[in-house]
Amino acid sequence: VVVAGDAPECIRYAAQEFTNAVARVSGVAIPVVGSDEGVAHAVKIFADDEGWAKERVQYRLKGGDLLLTGNQPRAALHAAYAFLDRELGVRWLWPKEDGAYYPERKKWAFPSKFGFDHTPAIWFRGFHHCGDWRDRNDFLLWETRNYVNIHRHGNWVGEEKYGHYSMPSMHNANLNGEKKLFAEHPECFCMLNGHRSMINICFSSDLGAQKVAERIGKDVERRTKQAPVDIISIFPNDNQDYCQ
C-alpha cells in the first residue's frame, strides 16, 4: 500500500483500515510504504483535490495498480471502505468488535467489470448526538466505517483521522442575559401567558433576530479562532416555552 509521506492523517488512517481489514480477511499482512519505487503493483490511496465540491468516491485499476481515491481525503477513506464492502464483503454492522464481519477468503480476483465512481446523494451525513454518550469512540469509528462524514460537536484532538466535517453546535440562537435589551425592547423576547419572558426569544421580532444574529456572529468568530470549523449548527434554548 503506497501512501505519500506528507499525506493527510485521514489518508494514512485509510491505509491502516485497509491493511487491517485485508489481514483479517486473508491472513496476509500488506506493508505500507511512502513511495512506489521498486514496487511492481500497489494499492495507492490519495486525494485528487481537496475542496468544498461534493465528495466523489472512486476506486479503479490503472497500470496494474489499485487506486483508492477521491476529490477529498475523506472521500479517499470512503473509497477504501467501499472497496472492502463491495468487493470483499466486509461489514461493520454495529459498534465494537462483535459487530464486525470479515469473511475469510483464500483468494480474490478482479472481476471483468471492475470499478466504482460515486458521488453521494447526501452531502453531509451524520447523527445529531447530544453531549457525550456511552461507547463514544466505538460509535464514532462505526459511523465512519459506514460513510458518516460529519461530527456534531466538532472534531476533538485525535479525531481528525476520521475526516469528518467539524460542526460545533449549541443553543446559540438566544438572548440570554440581555437584561438591558429586555428592559428597552421586551418585544424581542417570548410572550408567555400575556407577559414577556427572557427564557426564550420572539421569532417574529426583526430587532430580536438582528440581535440574535450579532451574537451568533461573535460565537462563530470565537470558535473559528480556536479550531477548524466547517459548519455551525444553530438552535434556540432547550425548553418548550415557545412564544405565544
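The values are calculated or read from the model by the stated rules, or taken from the named source; none is laboratory data. Only a predicted model underlies this, so the values are computations on that prediction, with no experimental measurement involved. Note that each Cβ is placed from the backbone with ideal geometry, even for glycine, and that neighbours are counted across all protein chains shown. Protein only, heavy atoms only, side chains kept; ligands, DNA and RNA dropped before computing areas. Shrake-Rupley method; radii C 1.70, N 1.55, O 1.52, S 1.80 Å.
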(request) Could you calculate the FRET efficiency of Glu87 with Ala29 from 1/(1 + (r/R0)^6), where r is the beta carbon distance between them and R0 is 25 Å, rounded to 0.05? (result) 0.85
(message) Quick check on the chain: helices-only [θ] at 222 nm, where DSSP H runs of length 4 and up contribute -39,500 (n - 2.57) each and the sum goes over total residues. Nearest 500, please.
(response) -9000 deg cm²/dmol
(message) Under 8 Å for C-alpha pairs, at least 6 residues apart: give me the relative contact order for the chain, rounded to a whole percent.
(response) 15
(request) Work out how much length Glu97 to Asp241 would gain on full extension: take 0.36 nm times their residue separation and subtract the Cα-Cα distance, in nm to one decimal. (result) 47.5 nm
(message) Can I get the semi-axes of the stretch 1-125's equivalent ellipsoid? Compute them from the C-alpha gyration tensor as square roots of 5 times the eigenvalues, in angstrom, largest first.
(response) 21, 19, 15
(message) Need one value: the accessible area of Thr119 in square angstrom, 1.4 angstrom probe, rounded to the nearest 10.
(response) 70
(request) Using +1 at the Cβ of each Lys and Arg and -1 at the Cβ of each Asp and Glu in the stretch 159-244, identify which of Asn172, Cys243, Ser204 lies farthest towards the dipole's positive end. (result) Asn172
(message) Report the number of Lys pairs in the chain whose alpha-carbons are under 14 Å apart, with separation of 8 or more residues or on distinct chains.
(response) 4
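What's the Kirkwood radius of the chain in Å, using all Cα pairs?
Across the chain, the inverse of the average 1/r is 20.9 Å.
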(request) Over the chain, give the accessible area per residue in Å² for a 1.4 Å probe, as an integer. (result) 57
(message) I need to check one value: relative contact order of the stretch 163-242, counting alpha carbon pairs closer than 8 Å and at least 6 residues apart, in percent.
(response) 46
(request) State to the nearest 20 debye the size of the charge dipole of the stretch 13-126 about its Cα centre, where the only charges are +1 on K and R beta carbons and -1 on D and E beta carbons. (result) 400
(request) Calculate the dipole size of the stretch 103-244 relative to its Cα centre from +1 charges on Lys and Arg beta carbons and -1 charges on Asp and Glu beta carbons; express the result in debye to the nearest 20. (result) 580
(request) Compute the relative contact order of the stretch 9-136 as a whole-number percentage, counting only Cα pairs closer than 8 Å that sit 6 or more residues apart in sequence. (result) 25
(message) Would the stretch 108-244 count as rounded, prolate or oblate if I go by the C-alpha gyration tensor, calling it rounded below 1.5 in a/c and otherwise prolate when a/b exceeds b/c, oblate otherwise?
(response) prolate
(request) Quote the charge dipole size of the chain about the Cα centre in Debye, to the nearest 20; the model charges only the Cβ of Lys and Arg (+1) and of Asp and Glu (-1). (result) 400
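Taking every DSSP beta bridge with both residues inside the chain, roughly what % is antiparallel (nearest 5)?
Around 60 percent of the beta bridges assigned by DSSP in the chain are antiparallel ones.
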(message) Using a 1.4 angstrom probe on the protein heavy atoms only, could you order Ile201, Ile231, Ile122 from most to least accessible area?
(response) Ile122, Ile231, Ile201
(request) Can you sort Val220, Val157 by 1.4 Å-probe accessible area, starting with the largest? (result) Val157, Val220
(request) Pop out the carbon and sulfur fraction of the accessible area of the chain as a percent, whole number, probe 1.4 Å. (result) 53
